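The values are calculated or read from the model by the stated rules, or taken from the named source; none is laboratory data. Not measured: the values here are computed from a predicted model. Positions of Cβ are backbone-derived with ideal geometry, glycine not excepted, and every protein chain shown enters the neighbour counts.
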Amino acid sequence: MSGIAAFLRVVGIMPRSQQRNFVVAQVGVVMMVIAQLVVPLLIQDIIDEGILAEDLGSISRTAFAMICWSVANLAVAGGVAYLSAATATNFAHAIRTHLYDKITTLSYGNIDRLSSGGLLVRMTSDVNIMRTSFMMTMFMLFQAPWLLLGAVALVWWQTPELLWVMGAVVLVTAAFVLAVAPALGPLYAAAQRRLDRLNVVFRENIAGIRVVKAFNRDELETERFRERNHDLYDAQLRPAFRVASFQPVLFGLLYGAVGLAVVVVGPDIADGVVAADPDAVTPGELTTFFNYLLTAMIPIMIVAFVLPELSKFQASLERAIEVFETEPDVTQPDKATDPGPISGRIEFRDVSMSYLDDDGRPGSLPVLANLSFTIEPGETVAILGQTGSGKTSLINLIPRFYDVTEGAVLIDGHDVRELDLDALRQQIGIAPQQAQLFAGSIIENLRYGNVDSSFEEVQRAAEIADAHEFISSQVAGYDSMLAEQGNNLSGGQRQRLSLARAINVDPRILLLDDTTSAVDVATEARIQRRLRDELAGRTVVIVAQRISTAIGADKIVLLDDGRVDAIGTHAELMASSAAYAEIVESQLGSIDEVVDLLEHR
Amino acid sequence: MNTRRRGTLVRLFGYFARQRLRLGFAMAMLIAGSVIMSFQPVVFGAAVDDLAAGDSSGVGRSAATIVGLAVLSALFSFVSNRELAVLAQRAMEDLRNDLFESMQTLSLRYYDSQSAGDLDARITSDIEAINQFFSAAIARMIAATMTLSTMLVIMFALDPLMTGVVLLIVPMAVVVIGVLGRRVQADFSSFQQNVGELNGYVEEVVQGQKTVQAFARQAGSATHVRALSEEARKVDRSSQFLSYLMQPAVRLVNNLDIALIALIGGVRAVNGSITVGEVVSFVGYGQQFGGQMMQLSQVVSQVGSAVAGGRRVFEVLDAEPDIVDADDARPMATAEGEVEFAHVDFSYTPDKQILFDNTFHVPAGQTIGLVGPTGAGKSTIINLLTRFYDIDSGTITIDGVDITEIRLDDLRHRCGVVLQVPFLFTETVMYNLQYGREGATRDECVAAAKQANAHEFIQRLPDGYDTVLERGENLSQGQRQLLTIARAIVSDPDVLVLDEATSSVDTRTERRIQEALDALLADRTSFVIAHRLSTIRDADQIIVLDAGRIQEIGPHDELMAARGFYHRLYLEQFRPELLDALRAPPAAR
C-alpha cells in the first residue's frame, strides 16, 4: 500500500505536462473499463436476444455494436499505452539525468560512502525497475477499482439477490490477496539482494581472473559461487511458492461462490419457473452472475500482480532519494572568492583530517594531525612517508577533494574553502595514483582536462611526460583507441598518459601522486628534467616512494603517521633526519659507493 | 523460426527438463487440474438445465460437486505450480553454475578479447531474460497449450465446423502478434543496444567520477549522459507502447471471432443443423480460446528475449578454452624450481610481437631480477611462466619438464605470484589471505601478515582480520600491496614471482618485508620485477630486457663491470644534478 503512496507522490512532483498525461490516461482507463464491461453484456445480448430467439438481424446488429466497442477499446487502450509509455520513459530519463547531475556534485567522501558500485546500480537497474513498474501501475492498476465497482453495480442491477454472495467472495479474496501480496515485496527484495551478492562473485572473477588462476583457486571460487547461487535459488523460490497459490485459490473461491449461488437462488429459480413468476431469478441470470464474478476477480488479480511491483518501485525510489538527499561534503561557498590566476603558494595551517564514517561524522582515527608547512610558488615539493602515513590524503586536500577536519589549507593566502571551486580546480592538474583512463582515443584522453588544447599543446604535454614516443609507435598514433581502462597498454605507459593529461591542463599547481611508480628510472629521470625545464614557475607536489624522485626537490616533507616528521632540502634532511638518511641509503647504497661509481663512469 | 533459434530454445528447455520425473509429475498434475476444470461448465450447465426445468432437488448435490471439483482442481494446479517453480529455479541455478564454471576455464586471451561490460551484460540482463522465460513463460505456455488442446478435443466432439470457426482466431492473432511482435522485438533490441551503450558510459563516469571531477568535466559528462539517455528513451517508449498494445489488439480479434461464431452459428441454428445450446457453448469456447491466445501473446516477447539472451549465454558456454591440460599431462607435486626459457617468441595479438628469442636458464633456488624500460616485456615473461598465455614458439621448462606437459593445476600451485595490480576480493581480510592456499590456518595467515608488515594496520581495521574489504576502498594502495604479498607468502610456492610488488610501498617498509622475504626466498626460485634498482641489486642474476629482447644476463657486479645497458640504467638514477645533493654529510646515527 505504501508503494501506491510512493507512486502517487512521484506523480505529484512530476512536471505539469507529465501530470496532464497521467490525468488524461486515467480518463482513458475509465473508458477502457467501460468497454470491458459492455462487451460481455453485448455478448449476453447476442445469446439471449439473438441466438436463443434465432433472430439473425439482432445478432448482426449487436455483433456490429460489439466490434465497434472493441475498436474503440483498442483506440483508447492505444492512447493510454502511449501516454503511459511516454510518462514512464520520461520519468526514467528524468531520474537518470537528475541522478547523474547530483552525482557530479558529490565529493570524494560521499562517493566513498555511497560506493561507486552502489551509485551505478541506482543509475542502471534501479531506473529500469522503476520504469517497468511505473508503466504497469499507470496502465493497469487504476483499472482495478473501476472494474470492481462496475462488476458490483452490474450484479446489483441484474441479480440483487446474489449481491451478498458477490460481496462475501470479493471480501474473502481481497483479504487473501492483501495477506499474501504485501509480503511478496520484501521477498522479492531479499532475492534481489542475493542476486546482487551473486553478481559480485561473477564480476570479481572477471576482474580478478589473473589472481584466481595464479592461485589456482577456481575450486574455492566455484564453491563460493555455488553456495551463493543456491542461496539465490532458495530466495527466489520463496515468493514463487506464494505466487503459486494465487490462481488456484482465486479459482477455488470463484467456484465456491458459484456453488453458493446455486444453493441460494436455485430453489427460487426452480419455483419461479414452475410458477412462471416474471420477477423471479431466471436460469440465464445465474449464468450472467457467474460472468460478473469472473469480472470481479480481474481487479483482484491485477492488484495481486501490481502490488509487488510497486514495492520494488518503492525500494528503488528510496535508494534514489538517498542520493538526492545526500549533502555534499564539499560545496561551493556562498560568497565564493575568485582568486584569478594564482601564484601557487600553498600553506597547510595546523591541518587535521579524518575520513567521515557512514553517518557522516569524522572517524575517530585522524589520518593527518596538526600538520603545518608552506610551499612557495614555483617550488617542487616531494612528500615521502610510510605506507598509510597520509600522503595521498594530504594532496587530496589541495583541490578540495576532501575538506580538512581542523585547521585550513590556504592557496595564495585564501582558505580553499572560500574559493570558487571550479576556478580553483581549473588551475590544478592532478595525476592520481591509479591512472584512470577512459575508453576513446589517446588524444581524447589527453585533452580530457583541456578540451580546447591544440594538437601542438597536447604533443608538448606528451613529450614532457615521455609518452610521445610510444604514442607515435601505436598504429594510429594519437588517434589510437584505448581499450577499457587503457588495458592494452603497460602499467608504465598508462601512468605516463595520465601524467601528460595533467600537464595538458596547463596548471599553476601540479599534483603527482606516485605517478611514476611503474616507470623505469631512466625514463623517470627524463620526465623530471623536462618537468623542471618546461614547467618552471609552477608549483609541483610529488608523492613518491623512490628517493630518486624526491632527491632534486626544493623541499622534502617526510610524513610519519599523519604528522610531519621532518622537512627540508635533501642536504638538510641528510643532516637532520636519521629516518631520511636510512631511506636514501637503503635505495642508493652508501654515499661513498655511489660517488665511487659515478667517478669511474 | 530458423534452426539456430530453435536450437537455442530446445537447449534452454533442456535445462528446464533436467529432472524428468518432476517434470512428468508437474505435467500430470497440470493435466489433471485442467481436465477437472473442463467438467465445471458441464456440471454447471446441467444444474442450470435442471433449474430451468423447475427441478431444484439437485441443487445441494450440484453445488457440492462444483465446489468439490474446484477444490480438487485448485489442489492439483497448486502442486503443479509449485513443481514448475522448482523446475524453473533449478534450471536457472544449473545454467548459472554452468556459465560460471565455463568462464573459469577460459584463458586470459578470451578475457582480453571481450569487453568487461559485454560479459557483465551476459551474466545480468541476458540471464534475467532467461529467468523470465523459465519462471513465467514456460508455465504459461504449457498451461495454455494444455487448455487449448483439451478444449479442441471437446469442441471437435461437439461440432467440427463450428470448431473451424473458433479456430479462425488463430491466423488473425498470428498476424497481429507477428506484426506487432516483430516491431516490439526490433525496438527492444535497439533499446538493449542503446541501454548497453548508455550503461557502458555511465559505468565509466560513475566509477571514474573522481577523475571526472578532478578535471572539472562534470558538465560535459552530464551532457553526454543526457544525450544517451534521450536516445534510449525514444526507443524505449516505442517498444513499451507496442508491447502494451498487444493485448487489446488480440482482444479485438477475439471479439471479431465471437461475432463470426454467433452469426454462422445463428444461421446454422435457424436452418436446424445444430442446436441453439451448442451455439451458446461455442460462444463461450470462443471467449475462452481468445483468453488463452492473449496469454500466449504476452509470452511471445519473453520467448524472443530469452532466445536472444540464451544465444549470448551459450556463446560463452561453448567457447573453447585454449589453454588446457594435455591428455597425458604429468603431475608435479613439488618442484626444485629450475626454470629454463629456450628461444621463446610471443605475441598477444598477431600484428605485434612482444618477445623475441628469449633464452635463459635459472638454476633452482636462485633469485632473478628482471629489469628494463616500461613495455620491455617483463610482466609478459611472468604471464608465460604460469601459462596465462601459451607461447608462439620455443619451450619453457620447469625441472626439465615442458610446462605444457605439466598439469595446469600443479604448475600454478608450484608458482606463487604477486601481480602488479593488487587485486583483493570483497571478502574479509582473512578470506583474502587464506586465498593463497587451500587449508591455510588462521595462525599461518597471521604469521604471513606479520612477515609482510601488514599485521599492524590489519589490527587497526574495525574488525581486524574479519573486516570486509570493499574492493579495497578502505585501504591505501601500499596496504593493498602488503596484503597481496602476505597472500603469496601463505601460498608457500616453489617458484615465487613478484611483479612490482612493492612499488607503492615505502622503502623502510619494503626493507622490512625484504628481510622476511629473504628467509622465504632462501631456498626457492624467485623472479622479481622492480624499477627501484635497490630492490633487485642483490639478485643472483639480473635479466635485462629491452623491447622484448634480452640484452644482458648476470649478477649486479658483473653487469656493472661490463658497462653495458644495465650499467647505464643503473647510473641514470644518480643524475648529475643529484650528485652534489648526495655528497651532503649523512646524519649522525
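One table, with the values for the structure above:
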| quantity | calculated |
| --- | --- |
| Set A:Leu37, A:Leu56, A:Leu42: member being free of Cβ contacts under 8 Å to residues at least 12 places away in the same chain and out of contact with any Lys or Arg (no Cβ under 9 Å at 6 or more places or on another chain) | A:Leu56 |
| Test: residue in region B:234-242 that is over 25 Å from A:His93 (Cα atoms) and at the interface with chain A (Cβ under 9 Å from one of its Cβ atoms) | no |
| Residue check, B:Val276 of a type in the set (Val, Ile, Thr) and modelled with pLDDT of 90 or more | no |
| Residue in region A:573-583 that is part of a helix (DSSP H, G or I), surrounded by 21 or more Cβ atoms within 10 Å (Cβ to Cβ) and free of Cβ contacts under 8 Å to residues at least 40 places away in the same chain present | yes |
| Residues satisfying the stated conditions in region B:256-274, i.e. at the interface with chain A (Cβ under 9 Å from one of its Cβ atoms) and touching a residue at least 12 places away in the same chain (Cβ under 8 Å) | B:Leu256, B:Ile258, B:Leu260, B:Ala262, B:Gly265, B:Gly266 |
| Residue count for region A:423-461, restricted to those that are outside any loop (DSSP other than H, G, I, E, B) and without any contact (Cβ under 8 Å) to a residue 24 or more places away in the chain | 4 |
| Verdict on A:Leu220 being more than 30 Å from B:Gln132 (Cβ to Cβ) and surrounded by fewer than 20 Cβ atoms within 10 Å (Cβ to Cβ) | yes |
| Which listed residue, of B:Leu51, B:Leu72, B:Leu23, is touching a residue at least 40 places away in the same chain (Cβ under 8 Å) and assigned to a helix (DSSP H, G or I) | B:Leu23 |
| Of the criteria (1) more than 9 Å from every other protein chain (Cβ to nearest Cβ); (2) of a type outside the set (Val, Ile, Thr); (3) in contact with a helix residue (DSSP H, G or I) (Cβ under 8 Å, 6 or more places away or on another chain), which one B:Asn81 fails | (1) |
| Out of B:Val544, B:Val497, B:Val528, sole residue that is modelled with pLDDT of 85 or more and within 9 Å of chain A (Cβ to nearest Cβ) | B:Val497 |
| Residues of region A:87-101 that turn out to be of a type in the set (A, V, I, L, M, F, W, C) and surrounded by fewer than 20 Cβ atoms within 10 Å (Cβ to Cβ), as a count | 1 |
| Unique match (being out of contact with any strand residue (DSSP E or B) (no Cβ under 6 Å at 6 or more places or on another chain), more than 10 Å from chain A (Cβ to nearest Cβ), buried (at least 19 other Cβ atoms within 10 Å of the Cβ) and in contact (Cβ under 8 Å) with a residue 12 or more places away in the chain) among B:Val225, B:Val205, B:Val184 | B:Val184 |
| Among (1) more than 10 Å from chain B (Cβ to nearest Cβ); (2) surrounded by fewer than 23 Cβ atoms within 10 Å (Cβ to Cβ); (3) in a helix (DSSP H, G or I); (4) touching a residue at least 60 places away in the same chain (Cβ under 8 Å), the one test that A:Asp506 misses | (3) |
| Residue in region A:103-117 that is of a type outside the set (A, V, I, L, M, F, W, C), within 7 Å of chain B (Cβ to nearest Cβ), in a helix (DSSP H, G or I) and within 25 Å of A:Met14 (Cβ to Cβ) present | yes |
| Residue list for region B:425-451, filter: within 13 Å of chain A (Cβ to nearest Cβ) and touching a residue at least 12 places away in the same chain (Cβ under 8 Å) | B:Phe425, B:Thr426, B:Glu427, B:Thr428, B:Asn432, B:Leu433, B:Gln434, B:Tyr435, B:Gly436, B:Arg437, B:Ala440 |
| Condition met for A:Gly440 (within 30 Å of A:Ala581 (Cβ to Cβ), at pLDDT below 90 and out of contact with any Pro (no Cβ under 7 Å at 6 or more places or on another chain)) | no |
| Residues that are outside any loop (DSSP other than H, G, I, E, B), in contact with a helix residue (DSSP H, G or I) (Cβ under 7 Å, 6 or more places away or on another chain) and either free of Cβ contacts under 8 Å to residues at least 12 places away in the same chain or at the interface with another protein chain (Cβ under 7 Å from one of its Cβ atoms) (or both), drawn from region A:548-572 | A:Ser548, A:His570, A:Ala571 |
| Check on A:Arg238, more than 7 Å from chain B (Cβ to nearest Cβ), surrounded by fewer than 21 Cβ atoms within 10 Å (Cβ to Cβ), within 34 Å of the chain's Cα centre (by Cα) and not acidic (Asp, Glu) | yes |
| Every residue from region A:183-195 that is surrounded by fewer than 17 Cβ atoms within 10 Å (Cβ to Cβ) and in contact (Cβ under 8 Å) with a residue 60 or more places away in the chain | A:Pro186 |
| Selection count, region A:163-175, where residues are surrounded by 18 or more Cβ atoms within 10 Å (Cβ to Cβ) and either free of Cβ contacts under 8 Å to residues at least 24 places away in the same chain or hydrophobic (A, V, I, L, M, F, W, C) (or both) | 4 |
| Some residue of region B:349-358 being out of contact with any Cys (no Cβ under 7 Å at 6 or more places or on another chain) and within 23 Å of B:Asp518 (Cα to Cα) | no |
| Neighbours by Cβ (under 8 Å, 6+ apart or cross-chain): first from region A:228-245, under 10 Å from A:Leu187 (Cβ atoms); second assigned to a helix (DSSP H, G or I) and aromatic (Phe, Trp, Tyr) | A:Pro239/A:Tyr188 |
| Output for region A:412-428, where each listed residue is touching a Ser or Thr at 6+ places or on another chain (Cβ under 9 Å) and crowded, with 21+ Cβ neighbours inside 10 Å | A:Leu419 |
| Residue that is surrounded by the fewest Cβ atoms within 10 Å (Cβ to Cβ), among those in region B:231-258 that are under 11 Å from B:Ile169 (Cα atoms) and hydrophobic (A, V, I, L, M, F, W, C) | B:Leu256 |
| Conditions (1) buried (at least 18 other Cβ atoms within 10 Å of the Cβ); (2) modelled with pLDDT under 85; (3) not in a helix (DSSP H, G or I): number failed by B:Gln302 | (3) |
| Selected residue (criterion: farthest from the chain's Cα centre (by Cα)) from residues of region A:269-301 that are buried (at least 17 other Cβ atoms within 10 Å of the Cβ) and assigned to a loop (DSSP other than H, G, I, E, B) | A:Ala280 |
| Yes/no for B:Arg387 being under 25 Å from B:Pro321 (Cβ atoms), surrounded by fewer than 22 Cβ atoms within 10 Å (Cβ to Cβ), under 35 Å from the mean Cα position of the chain (by Cα) and not polar (S, T, N, Q) | yes |
| Qualifying positions in region A:70-83 - facing chain B (nearest Cβ under 7 Å) and of a type outside the set (A, V, I, L, M) | A:Ser70, A:Asn73, A:Gly78, A:Tyr82 |
